[in-house]
Amino acid sequence: MAASWWWSCGAKGVARLLLARRPALDAAVRFPARGGWRCLHGSPELLGTPGIKVLMPALSPTMEEGNIVKWLKKEGEAVSAGDALCEIETDKAVVTMESSDDGVLAKILLQEGSKNVRLGSLIALLVEEGQDWKQVEIPADAGDPSSLAPPAPQLPSAPAAPSVSASPKLEQQPGKLQVRLSPAARHILETHGLDASNLVPSGPRGIFTKEDALKLLQKQKGKPTELKPEVSPAPPQPAAVPSAVQATAVTSAYPRPAIPPISTPGEPAALGTFTEIPASNIRRVIAKRLTESKTTIPHAYAAADCDIGAVLRLRKELAKEQIVMGCEEQILHQEGAGTLQQQMPDVNVTWDGEACRQLHSIDISIAVATERGLITPIIKDVAAKGIKEIAASAKALAKKARDGKLLPEEYQGGSFSISNLGMFGITGFTAVINPPQACILAVGRARTELKVVEDEEGNETLEQQQLMTVTLSSDGRVVDDELASKFLETLKANIENPIRLALC
């Protein structure tokens, strides 16, 4: 019964097609409305294997796009839920993306090095185990990896008029875009039908200004001008990059220099060129957050000099027990264990835009400089940790930050920040608040100064003391000047007399 149905469905037409091989020339070959060709085309053997979509995830709350650093699985490898698929550079660090499904990695759509991949973009396809992963069906909406990169700019075409040759900067500069016009210049050019491709723009960032349009108009009318494009009757130079003499001649012809050209990769940099360095996701987020902080938070600053003689003596005692501790760890302990938790809890606050939130846990962010930019890993619950544990946590987090291996929970949140540039020889500085936190403490280097000391008999002598400048940047909306001053006064007393913490 099944065989007779298949034959009636059009198997005769399929047989004729396979035998004749040229159905277009054979008028006898006919396919019914639901003939054999449609049955053959609709068979599962000729359709692609349906795939499971792997999308770019949100690996941090502020992440909008990411870069694919490295694929940890190859096409054809089996994948289980929880396995590491690839490494993605977010706006904070390089995070490992885990698979949420079981199956086989069938197709990698975005290769290693793909930049600025938006959230929700399709990056790979999985198939179920046992299916033919080589025949995975690529969705029609899957973006071509090459389409994510900005299109290569085209060089402007040479002008048809032979009277004035194009400037070497416009002809030979690689990646030069079409001339950008100011509104006034566009009106003049369109009114008089002028062509601006044979004149070097003099405006900032390569904009063709109104003055440039008037010069071109005067030139077309035959009026002499003092400032005109360079006429080059000599044959063009074969070099791809304009020489220093050419660049100087073109630049000196205008009162405002044009935008400097980008240097050609693989060739010696010419005079006046520059090399463009792409900004990483972390660098862009840092720029955005710093701008937001300085423009939306009313910063207030207060500084104090602390005598760290007691801290240095404590370091020597701990060194005998093989405990290496820096001044920053001691400040973390003094600040977290005593100043913030017990004596000044009003400073351990954040601002959410509408209200102040006083936090009960002392989670201190420490600023760590990395090759990709500044990042602030967090030491959780500092008040419950000893100096030795704080020192070990700070060292481990700093290493993970420099290696780009921080987990999201290790750098998200925090109630107070510390930035230490004293290790680089900086005496004192002011730091930018890390929103939504309300305060950040800038720690300078230890320095030796002489101090006049008067004994019981009234005799004055000079003694050396070790001073360190700490500067508090506070959000004036939640921490006023009086509260900031009291905080520094309390912190200074705790650092100079560590025994005070035992009395709290």
Give the cross-link partners of LYS486 among the aspartates and glutamates, using a straight C-alpha distance below 20 Å as the criterion and excluding same-chain residues fewer than 8 apart. ASP305, ASP307, GLU335, ASP346, ASP475, GLU496
Flagged links, alpha-carbon separation over 23 Å, of LYS73/LYS395; LYS294/LYS395; LYS74/LYS134; LYS107/LYS399: LYS73/LYS395; LYS294/LYS395; LYS107/LYS399
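What FRET efficiency do you get for LYS451 and LYS395 if R0 is 30 Å and r is their Cβ-Cβ distance, rounded to the nearest 0.05?
Values: r = 33 Å, r/R0 = 1.11.
Working from the Cβ atoms, E equals 0.35.
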Would you tell me the accessible area of ILE440, worked out with a 1.4 angstrom probe on the heavy atoms of the protein chains, in Å² to the nearest 10? 10
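Which shape class, rounded, prolate or oblate, goes with the stretch 52-127 when its Cα gyration tensor gives a ≥ b ≥ c as root eigenvalues, a/c under 1.5 marks rounded, and past that a/b bigger than b/c marks prolate?
Details: a/c = 1.81, a/b = 1.66, b/c = 1.10.
Verdict is prolate for the stretch 52-127.
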Partner aspartates and glutamates whose C-alpha sits under 19 Å from that of LYS70, ignoring same-chain residues fewer than 8 away, are ASP83, GLU87, GLU89, ASP91, GLU98, GLU112, ASP144, GLU371, ASP403
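Between GLU496 and LYS288, what is the FRET efficiency for a Förster distance of 30 Å, r being their Cβ-Cβ separation, to the nearest 0.05? Walk me through the numbers before you get to the answer.
Values: r = 39 Å, r/R0 = 1.31.
Using R0 = 30 Å, I get an efficiency of 0.15.
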With the cut-off at 1.5 for a/c, could you classify the stretch 369-486 from its C-alpha gyration tensor as rounded, prolate or oblate? prolate
Solvent accessible area, Å² - ASP481, 1.4 Å probe, full protein context: 110
Please list, ordered by chain and number, the residues whose modelled amide H lies under 5 Å from the amide H of ALA270; skip anything fewer than 5 residues away on the same chain. THR264
At a threshold of 8 angstrom on Cα-Cα distance, excluding pairs fewer than six apart, so keeping six or more, what relative contact order does the stretch 297-502 reach in percent? 30
Just to verify a number: what accessible area does MET344 come out at with the full protein assembly present, 1.4 Å probe, Å² rounded to tens? 20
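The values are calculated or read from the model by the stated rules, or taken from the named source; none is laboratory data. Keep in mind it's a predicted model, so treat the numbers as computed, not measured. In this analysis, Cβ positions are derived from the backbone assuming ideal geometry, glycine residues included, and neighbour counts consider all displayed protein chains. For accessibility, only protein heavy atoms count, side chains too; no ligands or nucleic acids. Shrake-Rupley method; radii C 1.70, N 1.55, O 1.52, S 1.80 Å.
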